[in-house]
1. Report, in cubic angstrom per residue, the convex hull volume of the C-alpha atoms of the range 103-187.
2. Report, please, the projected area of the range 1-123 averaged over directions, based on the convex hull of its C-alpha atoms, in nm².
3. Sorted by mean Cβ packing within 10 Å, highest first, what order do the peptides 141-149, 48-56 take?
4. Report Rg (one decimal) and Dmax (nearest whole number) for the range 121-256, counting Cα atoms only, units Å.
5. Per residue, how big is the convex hull of the range 1-57 when only Cα atoms are used? Give it in Å³.
6. Using the alpha-carbon centroid of each, what span in Å lies between the range 27-94 and the range 159-218?
7. How much mean residue ellipticity at 222 nm does the chain get from its helices, if each DSSP H run of length 4 or more adds -39500 (n - 2.57) and you divide by all residues, to the nearest 500 deg cm²/dmol?
8. What ranking, highest mean first, results for peptides 88-100, 4-16, 121-133, 183-195 when packing means the other Cβ atoms within 10 Å averaged over each residue?
Ligand code: G
Ligand code: G
Ligand code: NA
């Protein structure tokens, strides 16, 4: 209850900010996009991890205003980068509660309005959802995702391989990108079965004409191995930690 009250206050007082983690092309390490990651700085307790407050936000419905704030702030920053000539993509994490919400407003309409407000093309905004989300309330979820896809946005499936994935979801839902969970990348070079699993995911993704992102790349060896398997894109501390907007701007200036 205490966390819930603090979270309500955080929404009203704007205690959130975003960090952006680059996503690079593994072949030449060029930055093709960023993932927006929310941060909460509580005036008394300091930084609180999204792993601690997102579940509470989902339970209480506060994820709806928080999630909308995330998309708007991400588009405000993306508008700045685009106007500087950095035509990168923006990926935002979206909870099931945002797709299937209570306030009778279709998620795609909310997004469409924000895209127009900040003059961003739908192909530059991507949505990350988790495998487990596809398990819940499938029909409504499918409907909402198709509407987003019809706008021209890409949908990523996050933490792939950790949930109860049924491969049929990949066909049934309008997914264009698979993000291989960092737990597999962590162990890949020491554990043959994790390496084989990644190989299998990459092969399957390719045969379904999906793009592949590996998360949690921390070493040069991991990057080279993933590249040799044919994985398209990568993210991780080797490339960059999640950065506040001004630091991301500096990185873009340095990289181009
Ligand atoms: O950035 P960090 O590693 O602390 O993120 C932890 C988790 O919180 C990740 O799994 C990430 O997907 C989730 N997360 C970060 N930002 C958001 C957000 O804006 N919305 C939702 N729903 N989840 C987020
Ligand atoms: O589940 P999701 O992919 O949204 O999680 C993103 C989280 O992973 C972020 O909180 C980010 O800080 C963290 N992260 C990103 N890159 C790395 C990495 O190379 N190593 C580790 N341990 N965590 C990472
Ligand atoms: Na994510």
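What follows draws every value from the coordinates through simple rules; no lab data is involved. Fair warning: this is a prediction, and the values are worked out from it, not measured in the lab. Here the Cβ positions follow ideal geometry from the backbone for every residue, glycine too, while neighbour counts run over all protein chains shown.
1. Numbers: hull volume 9.1 nm³, N = 85.
Value for the range 103-187: 107 Å³ per residue.
2. Values: hull surface 34.9 nm².
Quarter of the Cα hull surface area: 8.7 nm².
3. On the way: 141-149: 18.6, 48-56: 14.0.
Going from most to least packed, we get 141-149, 48-56.
4. 15.9, 45
5. Values: hull volume 5.1 nm³, N = 57.
With only Cα atoms used, the range 1-57 gives 89 Å³ per residue.
6. Answer, in whole Å: 23.
7. When only DSSP H runs of four or more count, the value is -15000 deg cm²/dmol.
8. Details: 88-100: 21.2, 4-16: 13.9, 121-133: 19.0, 183-195: 15.5.
Sorting 88-100, 4-16, 121-133, 183-195 by mean packing, highest first, produces 88-100, 121-133, 183-195, 4-16.
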